[in-house]
Amino acid sequence: MCSRLLALILVLSVITLHSQNLIDSSQREIVFTSVNVIPMDREQVLENQMVLVKNGLVSAIGKNIKYSKEALVIDAKGKYLMPGLAEMHAHVPPNDNLESHKEVLFLFAANGITTIRGMLGHPSHLTLRAKINSGEVLGPRFYTTGPSFNGLSVKTAERGSEMVREQKAAGYDYLNLHPGLTKETFGAISTTANEIRIPFVGHVAFGVGVWRAIDAGYSSIDHMDGFVEAMVPGIESMVEQKAGLFGMFVADKADESVIPKLMKELKDKNIWVVPTQSLADRWFDSAFTPEVFLADPDSKYMNKQIVDQWIDSKKNLMANPQYDAAKIENFIKLRRKLIYECQKNGVGLLLGCDAPQIFNVPGFSTHNELKYLVDAGLTPYEALQTGTVNVAKYLKLTNAGTIRPGAVADLLLMDGNPLADITNSKKWLV
């Protein structure tokens, strides 16, 4: 959240959707007593600690800390305190409706998501970012991309270069690339972006391909877009519709011997990866049905119109003549392998699930993404790193991502130890 805020889930139920779920650490000292601290600087738990927060920063950690009589004292015996999580592929409604923005921001913050990167940006998001930074709007730290670069918004190389300069001047943090770009338009966008030093992130257009994307210097490639396609022999002669989204319809032709080369290129060029595996597991896999989602308590936080749209998208995908449930299951397994290979080979992973998108509810789904990362072979500690210390490194923040004196007090208090069971990251209803 902004430096003045401490995200703590301290009420019996988030259903109240009340701002008392969040405690403002700029107003008074806050002391956690008898708490188990997961500092995230290494895989450890500091048991039975006191943690003092002053002016939005962690002031001290220890067994016996002095604090003022006006301090808010939180008895956290048996609970676990860790840094707040980041969601690096979030969506805030691309409109001028501040109330709709606040609704999404609250769902993230109420789940201990204290930093988000908004994709599919909008001019209103620049104002929203300023309101969050000033404390006028309660919400996570907000990094925003500009409006989409895609085949419709960028029809010429000249326009692509012009849009880059416009968005840099406007003050967006990132450029967001989407499908439909050509080699020529992408070349103009990436060259100009590198010249004026504004990072570009997001999708890799089918006509561009992941090798060209890596060479151009993406800041992060999201969804692992283009990874599967890069492993398919003869992909150059295929049309995008035949390959399917993220290569789902041609994954059975992937040559996995290409994986070491892909990992080396990503690592050597310092390309970060936001897997959004939750989107793949929930939207693409036939086993995750609309009925499964509707039975999930998280689903109540999305309005019926949006849920109906998600259900239609799922049904439309499965009705595609190219859809084969068994092949899609293997495609998802291949994605999990790619996530594991990124971790094993030192390719930076960032936590992100693409919420609110199909069957992914803001805030709640970021915790689901942690479970999908563990399913891919990461340890719980490695999964938690993707949303804490990795994000701090990516954003070049020296006082974030860990719990230590001087660090920003963006904190999440839980009932269970997520290092023992990653699903404990969701146990914040005390």
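The values are calculated or read from the model by the stated rules, or taken from the named source; none is laboratory data. Because the structure is predicted, anything quoted here is derived from the model rather than measured. No Cβ is skipped: glycine too gets one built from the backbone with ideal geometry, and neighbour counts run over all protein chains shown.
Scan the range 93-134 for residues that are without any contact (Cβ under 8 Å) to a residue 40 or more places away in the chain and of a type in the set (Lys, Arg) and jot them down.
Answer for the range 93-134, where residues must be without any contact (Cβ under 8 Å) to a residue 40 or more places away in the chain and of a type in the set (Lys, Arg): 102, 129, 131.
Does residue 34 satisfy the criteria of being of a type in the set (Gly, Ala, Ser) and at pLDDT below 95?
no
So which residues in the range 49-77 are more than 12 Å from residue 409 (Cβ to Cβ) and within 33 Å of the chain's Cα centre (by Cα), if there are any at all?
49, 50, 62, 72, 73, 74, 75, 76, 77
I'm checking my understanding of the structure. Among residues of the range 47-70 that are out of contact with any Leu (no Cβ under 8 Å at 6 or more places or on another chain) and outside any strand (DSSP E or B), which one is nearest to residue 177 (Cα to Cα)?
Result: 55.
Out of 216, 193, 205, report the one residue that is in contact with a helix residue (DSSP H, G or I) (Cβ under 8 Å, 6 or more places away or on another chain) and surrounded by fewer than 23 Cβ atoms within 10 Å (Cβ to Cβ).
Every option except 216 fails the conditions.
Could you list all residues from the range 138-172 that are assigned to a loop (DSSP other than H, G, I, E, B) and in contact (Cβ under 8 Å) with a residue 60 or more places away in the chain?
138, 139, 140
Going through the range 260-272 one residue at a time, which ones are free of Cβ contacts under 8 Å to residues at least 24 places away in the same chain and surrounded by 15 or more Cβ atoms within 10 Å (Cβ to Cβ)?
Those that are free of Cβ contacts under 8 Å to residues at least 24 places away in the same chain and surrounded by 15 or more Cβ atoms within 10 Å (Cβ to Cβ): none in the range 260-272.
On the basis of being in contact with a Gly (Cβ under 8 Å, 6 or more places away or on another chain) and under 25 Å from residue 143 (Cβ atoms), does residue 354 make the cut?
When the stated conditions are applied, residue 354 does not pass them.
List the pairs whose first member sits in the range 38-57 and is free of Cβ contacts under 8 Å to residues at least 60 places away in the same chain, whose second member is among the hydrophobic types (A, V, I, L, M, F, W, C) and assigned to a loop (DSSP other than H, G, I, E, B), and whose Cβ atoms are under 6 Å apart, counting only residues at least 6 apart or on separate chains?
Filtered contacts from the range 38-57: 50/65; 52/65.
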